[in-house]
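Here's the structure, in C-alpha coordinates; my notes come after.
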Amino acid sequence: MIPFLTVFIKSVILILVLTLIVAYMVYLERKFLGWVQNRYGPNRAGPFGIFQSIADAVKLILKEEVFPEKRDRILYFIAPVITAVSAFIPFSLIPIGSKPVIADINTSLLFVLVIAGFSTYGIVLGGVSSGSKYPLFGGLRSAAQFLSFEIPFLLSITAVILQAETFSLKKIIESQHIPYIFPQFAGFLVFFLAGLADTGRIPFDLPEAESELVGGYNTEYSGIKFAWFFLGEYAHLILISSLIVVLYLGGGNAYFIPLPSFLVFLIKIAFVIFIFYWIRTSLPRVRFDQLMKFSWKFLIPLSFLNLIVVSIFKVVL
Amino acid sequence: MGYTGFFVFFLLVLFIGLLLVVLPKILAPKVSEEYKLDPYECGEIPVTEEAWSRYNVRFYLLALAFVIFEVEGVFLLLWALNPRGLGIAGFIEITIFVVILFLGWIYMLAKGVIKWE
(Lines give C-alpha, C1' and ligand atoms only; values in the text may rest on other atoms or scores of the structure.)
Protein backbone atom coordinates (compact mmCIF):
# COMPACT_ATOMS: atom_id res chain seq x y z
CA MET A 1 0.00 0.00 0.00
CA ILE A 2 2.78 2.44 0.94
CA PRO A 3 4.79 2.07 -2.33
CA PHE A 4 1.55 2.45 -4.27
CA LEU A 5 0.82 5.68 -2.40
CA THR A 6 4.33 7.06 -3.03
CA VAL A 7 4.02 6.35 -6.74
CA PHE A 8 0.60 8.02 -6.77
CA ILE A 9 1.91 11.17 -5.07
CA LYS A 10 4.98 11.27 -7.30
CA SER A 11 2.76 10.93 -10.38
CA VAL A 12 0.54 13.83 -9.30
CA ILE A 13 3.60 16.02 -8.66
CA LEU A 14 5.16 15.08 -12.02
CA ILE A 15 1.95 15.91 -13.90
CA LEU A 16 1.62 19.28 -12.15
CA VAL A 17 5.27 20.18 -12.75
CA LEU A 18 5.03 19.20 -16.41
CA THR A 19 1.88 21.25 -16.93
CA LEU A 20 3.54 24.25 -15.28
CA ILE A 21 6.67 23.81 -17.44
CA VAL A 22 4.52 23.67 -20.58
CA ALA A 23 2.65 26.83 -19.52
CA TYR A 24 5.85 28.77 -19.00
CA MET A 25 7.46 27.34 -22.15
CA VAL A 26 4.62 28.87 -24.13
CA TYR A 27 5.04 32.20 -22.32
CA LEU A 28 8.82 32.23 -22.85
CA GLU A 29 8.44 31.29 -26.50
CA ARG A 30 6.03 34.16 -27.09
CA LYS A 31 8.34 36.57 -25.25
CA PHE A 32 11.31 35.32 -27.26
CA LEU A 33 9.39 35.66 -30.54
CA GLY A 34 8.39 39.17 -29.53
CA TRP A 35 11.99 40.07 -28.74
CA VAL A 36 13.25 38.71 -32.08
CA GLN A 37 10.51 40.48 -34.04
CA ASN A 38 11.06 43.76 -32.20
CA ARG A 39 7.74 43.89 -30.31
CA TYR A 40 6.65 43.34 -26.68
CA GLY A 41 5.07 39.90 -26.68
CA PRO A 42 2.50 39.16 -23.93
CA ASN A 43 2.63 41.98 -21.35
CA ARG A 44 -0.90 42.46 -19.95
CA ALA A 45 -1.63 39.67 -17.46
CA GLY A 46 0.51 40.37 -14.41
CA PRO A 47 3.98 41.99 -14.40
CA PHE A 48 5.66 41.37 -17.78
CA GLY A 49 2.68 39.17 -18.65
CA ILE A 50 3.88 36.24 -16.53
CA PHE A 51 0.31 35.04 -15.86
CA GLN A 52 -0.58 34.98 -19.55
CA SER A 53 -0.53 31.19 -19.92
CA ILE A 54 -2.63 30.68 -16.77
CA ALA A 55 -5.16 33.23 -18.01
CA ASP A 56 -5.28 31.40 -21.34
CA ALA A 57 -5.87 28.06 -19.61
CA VAL A 58 -8.75 29.45 -17.50
CA LYS A 59 -10.29 31.04 -20.57
CA LEU A 60 -10.10 27.80 -22.54
CA ILE A 61 -11.80 25.81 -19.78
CA LEU A 62 -14.63 28.32 -19.33
CA LYS A 63 -15.19 28.96 -23.02
CA GLU A 64 -18.14 27.65 -25.00
CA GLU A 65 -17.29 24.69 -27.17
CA VAL A 66 -18.48 24.67 -30.75
CA PHE A 67 -19.07 21.17 -32.03
CA PRO A 68 -19.18 21.11 -35.83
CA GLU A 69 -22.29 19.43 -37.14
CA LYS A 70 -20.57 17.00 -39.50
CA ARG A 71 -18.12 15.51 -37.03
CA ASP A 72 -17.67 11.84 -36.19
CA ARG A 73 -18.80 11.95 -32.56
CA ILE A 74 -16.56 9.36 -30.90
CA LEU A 75 -13.33 10.05 -32.80
CA TYR A 76 -13.81 13.81 -32.47
CA PHE A 77 -14.06 13.36 -28.71
CA ILE A 78 -11.09 11.06 -28.13
CA ALA A 79 -8.55 12.48 -30.65
CA PRO A 80 -7.27 15.37 -28.46
CA VAL A 81 -7.17 13.07 -25.43
CA ILE A 82 -4.96 10.60 -27.35
CA THR A 83 -2.53 13.35 -28.32
CA ALA A 84 -2.22 14.86 -24.85
CA VAL A 85 -2.10 11.56 -22.93
CA SER A 86 0.45 9.95 -25.23
CA ALA A 87 2.73 12.96 -24.93
CA PHE A 88 2.58 12.88 -21.12
CA ILE A 89 2.97 9.17 -20.35
CA PRO A 90 6.60 8.73 -21.56
CA PHE A 91 7.82 11.12 -18.86
CA SER A 92 7.29 8.37 -16.28
CA LEU A 93 10.10 6.45 -18.05
CA ILE A 94 12.53 9.25 -18.91
CA PRO A 95 15.42 9.45 -16.45
CA ILE A 96 15.22 12.98 -15.07
CA GLY A 97 18.73 13.24 -13.67
CA SER A 98 20.28 9.82 -13.24
CA LYS A 99 17.20 7.55 -12.96
CA PRO A 100 13.48 7.58 -13.86
CA VAL A 101 11.20 9.14 -11.27
CA ILE A 102 8.31 6.67 -11.49
CA ALA A 103 8.92 3.53 -13.55
CA ASP A 104 12.43 2.11 -13.81
CA ILE A 105 12.08 -0.65 -16.40
CA ASN A 106 14.56 -2.36 -18.72
CA THR A 107 12.88 -1.67 -22.05
CA SER A 108 12.08 1.97 -21.41
CA LEU A 109 13.33 3.21 -24.80
CA LEU A 110 10.94 0.90 -26.68
CA PHE A 111 8.04 1.96 -24.43
CA VAL A 112 8.81 5.63 -25.06
CA LEU A 113 8.95 5.09 -28.83
CA VAL A 114 5.68 3.17 -28.94
CA ILE A 115 3.72 5.63 -26.82
CA ALA A 116 5.18 8.75 -28.41
CA GLY A 117 4.14 7.36 -31.80
CA PHE A 118 0.50 7.49 -30.71
CA SER A 119 0.37 11.29 -30.67
CA THR A 120 0.34 11.28 -34.48
CA TYR A 121 -2.74 9.04 -34.39
CA GLY A 122 -4.50 11.68 -32.31
CA ILE A 123 -3.65 14.37 -34.84
CA VAL A 124 -4.69 12.28 -37.86
CA LEU A 125 -7.95 11.19 -36.21
CA GLY A 126 -8.68 14.75 -35.13
CA GLY A 127 -8.21 15.95 -38.69
CA VAL A 128 -10.30 13.24 -40.30
CA SER A 129 -13.13 13.24 -37.76
CA SER A 130 -13.85 16.98 -37.96
CA GLY A 131 -15.78 16.62 -41.23
CA SER A 132 -14.29 19.76 -42.75
CA LYS A 133 -11.72 20.05 -45.46
CA TYR A 134 -8.90 22.01 -43.85
CA PRO A 135 -8.57 19.59 -40.92
CA LEU A 136 -8.74 16.71 -43.38
CA PHE A 137 -5.75 18.05 -45.30
CA GLY A 138 -3.91 18.69 -42.04
CA GLY A 139 -4.49 15.10 -40.95
CA LEU A 140 -3.35 13.69 -44.29
CA ARG A 141 -0.22 15.81 -44.22
CA SER A 142 0.52 14.68 -40.69
CA ALA A 143 0.20 11.03 -41.75
CA ALA A 144 2.54 11.52 -44.73
CA GLN A 145 5.05 13.32 -42.53
CA PHE A 146 4.93 10.46 -40.05
CA LEU A 147 5.57 7.95 -42.86
CA SER A 148 8.57 9.93 -44.05
CA PHE A 149 10.32 10.73 -40.81
CA GLU A 150 9.68 7.71 -38.63
CA ILE A 151 12.26 5.52 -40.41
CA PRO A 152 15.31 7.80 -40.03
CA PHE A 153 14.14 8.40 -36.44
CA LEU A 154 14.15 4.67 -35.72
CA LEU A 155 17.44 4.00 -37.54
CA SER A 156 19.34 6.71 -35.69
CA ILE A 157 18.03 5.31 -32.39
CA THR A 158 19.19 1.85 -33.51
CA ALA A 159 22.73 3.21 -33.87
CA VAL A 160 22.61 4.48 -30.27
CA ILE A 161 21.33 1.12 -29.02
CA LEU A 162 24.11 -0.57 -30.98
CA GLN A 163 26.71 1.47 -29.15
CA ALA A 164 25.16 1.14 -25.70
CA GLU A 165 23.87 -2.46 -26.11
CA THR A 166 20.77 -1.83 -24.00
CA PHE A 167 17.14 -0.63 -24.28
CA SER A 168 17.21 1.04 -20.87
CA LEU A 169 17.49 4.83 -20.98
CA LYS A 170 19.20 4.81 -17.59
CA LYS A 171 21.96 2.49 -18.81
CA ILE A 172 22.33 4.45 -22.05
CA ILE A 173 23.12 7.51 -19.93
CA GLU A 174 25.54 5.51 -17.78
CA SER A 175 27.37 4.20 -20.86
CA GLN A 176 28.12 7.68 -22.21
CA HIS A 177 31.67 8.35 -21.02
CA ILE A 178 31.80 10.83 -23.87
CA PRO A 179 28.41 12.08 -25.14
CA TYR A 180 27.27 10.17 -28.21
CA ILE A 181 27.03 13.39 -30.21
CA PHE A 182 30.80 13.12 -30.83
CA PRO A 183 31.10 9.56 -32.17
CA GLN A 184 27.71 9.76 -33.95
CA PHE A 185 27.34 13.28 -35.23
CA ALA A 186 25.48 12.17 -38.38
CA GLY A 187 23.05 10.17 -36.24
CA PHE A 188 22.49 13.19 -34.02
CA LEU A 189 21.76 15.35 -37.04
CA VAL A 190 19.24 12.84 -38.41
CA PHE A 191 17.57 12.44 -35.02
CA PHE A 192 17.37 16.19 -34.52
CA LEU A 193 15.75 16.81 -37.90
CA ALA A 194 13.38 13.86 -37.58
CA GLY A 195 12.46 15.05 -34.08
CA LEU A 196 11.79 18.53 -35.41
CA ALA A 197 9.43 17.00 -37.98
CA ASP A 198 7.86 14.75 -35.35
CA THR A 199 6.93 17.70 -33.13
CA GLY A 200 5.51 19.52 -36.18
CA ARG A 201 7.35 22.76 -35.59
CA ILE A 202 8.40 25.41 -38.07
CA PRO A 203 10.30 24.30 -40.97
CA PHE A 204 8.08 21.20 -40.82
CA ASP A 205 4.79 22.56 -39.43
CA LEU A 206 2.79 21.52 -42.49
CA PRO A 207 -0.06 19.78 -40.62
CA GLU A 208 -1.18 23.06 -39.07
CA ALA A 209 0.22 25.62 -41.53
CA GLU A 210 -1.82 28.71 -40.58
CA SER A 211 -1.34 30.53 -43.84
CA GLU A 212 -2.46 27.60 -46.02
CA LEU A 213 -4.81 25.44 -43.95
CA VAL A 214 -6.20 28.02 -41.46
CA GLY A 215 -5.22 25.88 -38.47
CA GLY A 216 -4.83 22.44 -40.00
CA TYR A 217 -6.03 19.55 -37.86
CA ASN A 218 -7.29 21.77 -35.04
CA THR A 219 -9.39 24.18 -37.10
CA GLU A 220 -12.70 22.78 -35.84
CA TYR A 221 -11.58 22.38 -32.23
CA SER A 222 -12.27 24.90 -29.51
CA GLY A 223 -12.11 25.23 -25.75
CA ILE A 224 -10.45 22.51 -23.72
CA LYS A 225 -10.11 20.15 -26.67
CA PHE A 226 -8.00 22.71 -28.49
CA ALA A 227 -6.02 23.18 -25.28
CA TRP A 228 -5.37 19.42 -25.20
CA PHE A 229 -3.91 19.47 -28.70
CA PHE A 230 -1.79 22.47 -27.75
CA LEU A 231 -0.60 20.87 -24.51
CA GLY A 232 0.16 17.61 -26.28
CA GLU A 233 2.20 19.39 -28.90
CA TYR A 234 4.34 21.22 -26.36
CA ALA A 235 4.71 18.16 -24.12
CA HIS A 236 5.86 16.28 -27.23
CA LEU A 237 8.44 19.01 -27.81
CA ILE A 238 9.80 18.53 -24.27
CA LEU A 239 9.77 14.77 -24.84
CA ILE A 240 11.79 14.97 -28.06
CA SER A 241 14.30 17.37 -26.54
CA SER A 242 14.71 15.15 -23.48
CA LEU A 243 15.29 12.17 -25.80
CA ILE A 244 17.96 14.21 -27.60
CA VAL A 245 19.56 14.97 -24.24
CA VAL A 246 19.37 11.36 -23.03
CA LEU A 247 20.57 9.71 -26.24
CA TYR A 248 23.17 12.16 -27.51
CA LEU A 249 24.13 14.75 -24.90
CA GLY A 250 24.84 12.50 -21.93
CA GLY A 251 21.61 12.96 -19.94
CA GLY A 252 22.30 14.04 -16.38
CA ASN A 253 26.06 13.45 -16.67
CA ALA A 254 27.80 16.68 -15.73
CA TYR A 255 31.31 15.42 -16.61
CA PHE A 256 33.60 18.05 -15.05
CA ILE A 257 31.14 20.46 -13.51
CA PRO A 258 29.99 19.64 -9.94
CA LEU A 259 26.21 20.12 -10.17
CA PRO A 260 23.28 17.85 -9.18
CA SER A 261 22.34 15.62 -12.10
CA PHE A 262 18.68 16.72 -12.45
CA LEU A 263 19.79 20.35 -12.70
CA VAL A 264 22.28 19.46 -15.45
CA PHE A 265 19.50 17.56 -17.22
CA LEU A 266 17.13 20.55 -17.04
CA ILE A 267 19.80 22.97 -18.28
CA LYS A 268 20.54 20.73 -21.26
CA ILE A 269 16.82 20.41 -22.09
CA ALA A 270 16.38 24.17 -21.85
CA PHE A 271 19.29 24.60 -24.25
CA VAL A 272 17.82 22.16 -26.80
CA ILE A 273 14.37 23.80 -26.57
CA PHE A 274 16.01 27.19 -27.07
CA ILE A 275 17.54 25.88 -30.32
CA PHE A 276 14.06 24.72 -31.41
CA TYR A 277 12.72 28.25 -30.76
CA TRP A 278 15.65 29.80 -32.57
CA ILE A 279 14.98 27.63 -35.64
CA ARG A 280 11.34 28.64 -35.47
CA THR A 281 12.14 32.33 -35.65
CA SER A 282 14.71 31.95 -38.41
CA LEU A 283 13.40 29.59 -41.06
CA PRO A 284 10.43 29.62 -43.45
CA ARG A 285 8.16 26.60 -43.97
CA VAL A 286 9.30 23.97 -46.48
CA ARG A 287 7.09 22.70 -49.30
CA PHE A 288 5.62 19.23 -48.97
CA ASP A 289 7.42 17.53 -51.87
CA GLN A 290 10.70 19.01 -50.62
CA LEU A 291 10.05 17.50 -47.21
CA MET A 292 9.36 14.00 -48.51
CA LYS A 293 12.30 14.05 -50.92
CA PHE A 294 14.58 15.32 -48.19
CA SER A 295 13.61 12.46 -45.93
CA TRP A 296 13.65 9.58 -48.44
CA LYS A 297 16.66 10.68 -50.49
CA PHE A 298 18.90 12.20 -47.86
CA LEU A 299 18.01 11.28 -44.27
CA ILE A 300 17.38 7.55 -44.81
CA PRO A 301 20.68 6.84 -46.64
CA LEU A 302 22.53 9.02 -44.14
CA SER A 303 21.10 7.12 -41.18
CA PHE A 304 21.94 3.79 -42.85
CA LEU A 305 25.50 4.99 -43.39
CA ASN A 306 25.73 6.07 -39.76
CA LEU A 307 24.46 2.67 -38.64
CA ILE A 308 26.98 0.80 -40.81
CA VAL A 309 29.91 2.91 -39.61
CA VAL A 310 28.94 2.45 -35.96
CA SER A 311 28.49 -1.31 -36.40
CA ILE A 312 31.90 -1.67 -38.11
CA PHE A 313 33.54 0.14 -35.21
CA LYS A 314 31.60 -1.96 -32.72
CA VAL A 315 31.93 -5.45 -34.21
CA VAL A 316 34.93 -5.59 -36.52
CA LEU A 317 37.44 -3.32 -34.81
CA MET B 1 8.66 0.25 -8.83
CA GLY B 2 8.66 -1.01 -12.41
CA TYR B 3 5.57 -1.65 -14.46
CA THR B 4 3.19 -0.91 -11.55
CA GLY B 5 4.41 2.67 -11.41
CA PHE B 6 4.02 2.96 -15.15
CA PHE B 7 0.41 1.76 -15.08
CA VAL B 8 -0.48 4.01 -12.15
CA PHE B 9 0.87 6.99 -14.08
CA PHE B 10 -0.88 5.85 -17.25
CA LEU B 11 -4.29 5.53 -15.58
CA LEU B 12 -3.90 8.81 -13.71
CA VAL B 13 -3.01 10.75 -16.88
CA LEU B 14 -5.86 9.10 -18.78
CA PHE B 15 -8.32 9.92 -15.98
CA ILE B 16 -7.29 13.60 -15.83
CA GLY B 17 -7.36 13.84 -19.61
CA LEU B 18 -10.91 12.51 -19.89
CA LEU B 19 -12.17 14.42 -16.83
CA LEU B 20 -11.09 17.81 -18.11
CA VAL B 21 -12.63 17.18 -21.52
CA VAL B 22 -16.02 16.63 -19.86
CA LEU B 23 -15.67 19.63 -17.51
CA PRO B 24 -16.81 22.37 -19.97
CA LYS B 25 -20.18 20.59 -20.25
CA ILE B 26 -20.86 21.95 -16.74
CA LEU B 27 -18.89 25.22 -16.80
CA ALA B 28 -19.21 26.56 -20.32
CA PRO B 29 -22.21 28.48 -21.65
CA LYS B 30 -24.14 27.27 -24.69
CA VAL B 31 -25.71 29.58 -27.25
CA SER B 32 -27.07 28.26 -30.52
CA GLU B 33 -27.15 30.33 -33.69
CA GLU B 34 -27.78 29.71 -37.33
CA TYR B 35 -24.71 28.55 -39.34
CA LYS B 36 -22.68 28.23 -36.14
CA LEU B 37 -22.17 24.48 -36.45
CA ASP B 38 -21.29 24.49 -40.15
CA PRO B 39 -17.79 23.36 -41.15
CA TYR B 40 -15.38 26.26 -41.12
CA GLU B 41 -14.69 27.72 -44.56
CA CYS B 42 -13.51 31.26 -43.83
CA GLY B 43 -17.01 32.55 -43.09
CA GLU B 44 -18.59 31.39 -46.32
CA ILE B 45 -21.41 28.90 -46.58
CA PRO B 46 -19.55 25.63 -47.31
CA VAL B 47 -19.07 24.91 -51.00
CA THR B 48 -18.64 21.18 -50.63
CA GLU B 49 -21.39 19.02 -49.19
CA GLU B 50 -19.13 16.46 -47.52
CA ALA B 51 -15.45 16.54 -46.62
CA TRP B 52 -15.34 12.76 -46.72
CA SER B 53 -15.60 12.45 -50.46
CA ARG B 54 -13.12 10.40 -52.46
CA TYR B 55 -9.65 11.85 -52.60
CA ASN B 56 -6.48 10.73 -54.29
CA VAL B 57 -4.22 8.78 -51.95
CA ARG B 58 -1.02 9.31 -53.88
CA PHE B 59 1.49 7.71 -51.64
CA TYR B 60 0.10 4.29 -50.86
CA LEU B 61 3.25 2.71 -52.32
CA LEU B 62 5.25 4.89 -49.96
CA ALA B 63 3.13 3.61 -47.08
CA LEU B 64 3.94 0.03 -48.11
CA ALA B 65 7.65 0.89 -48.21
CA PHE B 66 7.26 2.45 -44.77
CA VAL B 67 5.84 -0.76 -43.33
CA ILE B 68 8.71 -2.79 -44.82
CA PHE B 69 11.37 -0.46 -43.44
CA GLU B 70 9.73 -0.40 -40.01
CA VAL B 71 9.74 -4.19 -39.82
CA GLU B 72 13.38 -4.10 -40.86
CA GLY B 73 13.94 -1.63 -38.02
CA VAL B 74 12.53 -4.15 -35.54
CA PHE B 75 14.99 -6.81 -36.74
CA LEU B 76 17.85 -4.33 -36.52
CA LEU B 77 16.84 -3.38 -32.96
CA LEU B 78 17.03 -7.02 -31.85
CA TRP B 79 20.47 -7.40 -33.42
CA ALA B 80 21.68 -4.08 -31.98
CA LEU B 81 21.04 -5.34 -28.46
CA ASN B 82 23.91 -7.85 -28.64
CA PRO B 83 26.21 -7.12 -31.60
CA ARG B 84 29.43 -8.49 -30.09
CA GLY B 85 27.80 -11.68 -28.89
CA LEU B 86 26.55 -12.45 -32.40
CA GLY B 87 30.01 -11.61 -33.74
CA ILE B 88 31.25 -11.33 -37.29
CA ALA B 89 28.74 -13.90 -38.59
CA GLY B 90 25.82 -11.86 -37.25
CA PHE B 91 27.33 -8.71 -38.68
CA ILE B 92 27.64 -10.25 -42.17
CA GLU B 93 24.09 -11.59 -42.04
CA ILE B 94 22.65 -8.24 -41.02
CA THR B 95 24.72 -6.52 -43.75
CA ILE B 96 23.24 -8.83 -46.42
CA PHE B 97 19.77 -8.12 -45.01
CA VAL B 98 20.32 -4.35 -45.13
CA VAL B 99 21.84 -4.46 -48.62
CA ILE B 100 18.80 -6.32 -50.00
CA LEU B 101 16.51 -3.66 -48.53
CA PHE B 102 18.79 -0.95 -49.87
CA LEU B 103 18.40 -2.40 -53.39
CA GLY B 104 14.65 -2.23 -52.82
CA TRP B 105 15.03 1.41 -51.83
CA ILE B 106 16.93 2.16 -55.08
CA TYR B 107 14.22 0.34 -57.09
CA MET B 108 11.56 2.40 -55.30
CA LEU B 109 13.25 5.67 -56.23
CA ALA B 110 13.78 4.51 -59.81
CA LYS B 111 10.06 3.72 -60.11
CA GLY B 112 9.33 7.28 -59.09
CA VAL B 113 7.29 6.52 -55.98
CA ILE B 114 7.95 9.93 -54.45
CA LYS B 115 7.82 11.92 -57.65
CA TRP B 116 5.31 14.81 -57.92
CA GLU B 117 3.95 15.97 -61.22
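Quick notes on this one:
- Excluding exposed DSSP-loop chymotrypsin sites (Phe, Trp or Tyr not before Pro) (at most 13 other C-beta within 10 Å), longest clean stretch of chain A: A:41-254
- Accessible area of the range A:1-62 belonging to carbon and sulfur atoms, whole % at 1.4 Å probe: 76
- FRET efficiency estimate (nearest 0.05) - Cβ-Cβ, A:L20 to B:A89, R0 60 angstrom: 0.70
- Ignoring the sites themselves, chain B has its longest run without chymotrypsin sites (Phe, Trp or Tyr not before Pro) in a DSSP loop having at most 15 other Cβ atoms within 10 Å at B:56-115.
- At least 30 Å along the helix axis (C-alpha) and Kyte average at least 0.0, DSSP helices within chain A: A:2-36, A:108-129, A:133-164, A:223-248, A:261-282
- Annotation: amide H-H contacts under 5 Å for A:I96 (H modelled 1.01 Å from N, sequence separation of 5 or more, or interchain): A:V101.
- Selection among A:F304, A:V22, A:G117 by position relative to the dipole of chain A gives A:V22 as farthest towards the positive end (Cβ unit charges, Cα centre).
- Computed over the Cα atoms of chain B, pair by distinct pair, the Kirkwood hydrodynamic radius stands at 21.1 angstrom.
- Ellipticity estimate at 222 nm from DSSP helix runs (n ≥ 4, -39,500 (n - 2.57)) divided over chain B, nearest 500: -21000 deg cm²/dmol
- Dipole axis of the range B:55-117 (+1 Lys, Arg; -1 Asp, Glu on Cβ), positive-most option in B:I92, B:Y60, B:L78: B:Y60
- When the convex hull of its Cα atoms is projected in every direction, mean area for the range B:55-117 (nm²): 5.0
- Calculated accessible area for chain B comes out at 69 Å² per residue, all protein chains present (probe 1.4 Å; ligands, DNA, RNA ignored).
- The range A:299-317 versus the range A:44-115: alpha-carbon centroid distance in Å: 36
- Under conditions of 4 °C and 1.567 mPa s, the range A:150-269 yields 82 µm² s⁻¹ as its translational diffusion coefficient, taking Rh as the Kirkwood radius over Cα pairs in the Stokes-Einstein equation.
- Relative to the longest principal axis of the Cα atoms of chain B, the long axis of helix B:60-80 makes an angle of roughly 50 degrees.
- When you restrict to C-alpha pairs under 8 Å that are six or more residues apart and normalise by the size of the range A:134-212, the relative contact order lands at 45 percent.
- Convex hull volume per residue in cubic angstrom - Cα atoms of the range A:170-214: 76
- Scaled radius of gyration (Cα, divided by 2.2 N^0.38 Å) that chain A gives: 1.02
- Accessible surface buried upon B-A contact (total; probe 1.4 Å; Å², nearest 100): 6600
- Size of electric dipole in the protein assembly as shown: Cβ of Lys, Arg +1 and of Asp, Glu -1, about Cα centre, debye, nearest 20: 780
- Sparse packing (at most 10 other Cβ atoms within 10 Å of the Cβ) combined with a DSSP loop state is found for none of the GluC sites (Glu not before Pro) in the range A:207-267.
- Computed over protein heavy atoms with a 1.4 Å probe, the accessible surface of chain A works out to 41 Å² per residue.
The values are calculated or read from the model by the stated rules, or taken from the named source; none is laboratory data. Being a predicted model, the structure only gives us computed values, none of them experimental. Virtual Cβ from ideal backbone geometry, glycine too; neighbours counted across all protein chains shown. Accessible surface is based on the protein model in full, side chains and every heavy atom, while ligands, DNA and RNA are left aside. Shrake-Rupley method; radii C 1.70, N 1.55, O 1.52, S 1.80 Å.
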